[in-house]
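The values are calculated or read from the model by the stated rules, or taken from the named source; none is laboratory data. What you see is a predicted model, and the numbers here were worked out from it, not measured in a lab. Every residue, glycine as well, gets a Cβ built from its backbone with ideal geometry; the counts of neighbours run over all protein chains shown.
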Amino acid sequence: MLPHAHRLRHWQDFQTVYQRGQRTRSRVLGLRAYRPEHRVNEGNGIAQVPPTRFGISVSRKTSKKAVVRNRIKRCLRAALRELLPRVRPGWDVIIIAYPDAKECNSRHFLQELEQLLARIEVLNGHS
C-alpha cells in the first residue's frame, strides 16, 4: 500500500489532472501528470511543496474480472513504492492501465513507469 500522503483520492483531484495534466503513454500504461500551484507561506515567503500523489485507474475495458484488475493495481503500487524515493514532490499523477497490462508483471510495470515518469520529468535526474 502507498503511504497515505502519496494517494490521490478525491474525484475533484482526478478531474483536475485529467483536464489540465500533461499526458504520455506506452503500449501498456498511460500517464497524466499535473503540477498545481503551491501556496506561499506568508510568514517566511517559502513555498510549501506537498508530496507527489498517485492515482491508479484500471477500467473494465482492461478486464471484466475484478481479480485481474486488482492484480494490476497491486503490481503498479509495488512499482510505485520502489520509485517513490526518486520522485519529485508537488505532482499529481494518474496511471492508466490499458488492456495489454494483463500480461505484465511488476518488473515490466517498473520499467514502463520509470520511462513514463522520466518523459514527463517527474523523476529526479530524468533518467
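Here is how the numbers come out for the structure above:
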{"quantity": "Condition met for Val17 (at pLDDT 95 or above, assigned to a helix (DSSP H, G or I) and under 20 Å from Leu116 (Cβ atoms))", "calculated": "yes"}
{"quantity": "Enumeration of residues in the range 98-110 that are surrounded by 14 or more Cβ atoms within 10 Å (Cβ to Cβ) and either of a type outside the set (Gly, Ala, Ser) or in contact with a Leu (Cβ under 6 Å, 6 or more places away or on another chain) (or both)", "calculated": "Tyr98, Lys102, Cys104, His108, Phe109, Leu110"}
{"quantity": "Cβ-Cβ under 7 Å pairs, at least 6 apart or on other chains, the range 25-49 side under 30 Å from Ala101 (Cβ atoms), far side loosely packed, with under 11 Cβ neighbours inside 10 Å and at pLDDT 85 or above", "calculated": "none"}
{"quantity": "Residues being over 24 Å from Glu37 (Cβ atoms), touching a residue at least 60 places away in the same chain (Cβ under 8 Å) and assigned to a helix (DSSP H, G or I) - total across the range 93-127", "calculated": "7"}
{"quantity": "All positions within the range 32-68 that are closer than 26 Å to Leu123 by Cβ, of a type outside the set (S, T, N, Q) and either in a helix (DSSP H, G or I) or modelled with pLDDT of 85 or more (or both)", "calculated": "Arg32, Ala33, Tyr34, Arg35, Pro36, Pro50, Pro51, Arg53, Phe54, Gly55, Ile56, Val58"}
{"quantity": "Test: Gly90 is in a loop (DSSP other than H, G, I, E, B) and buried (at least 16 other Cβ atoms within 10 Å of the Cβ)", "calculated": "yes"}
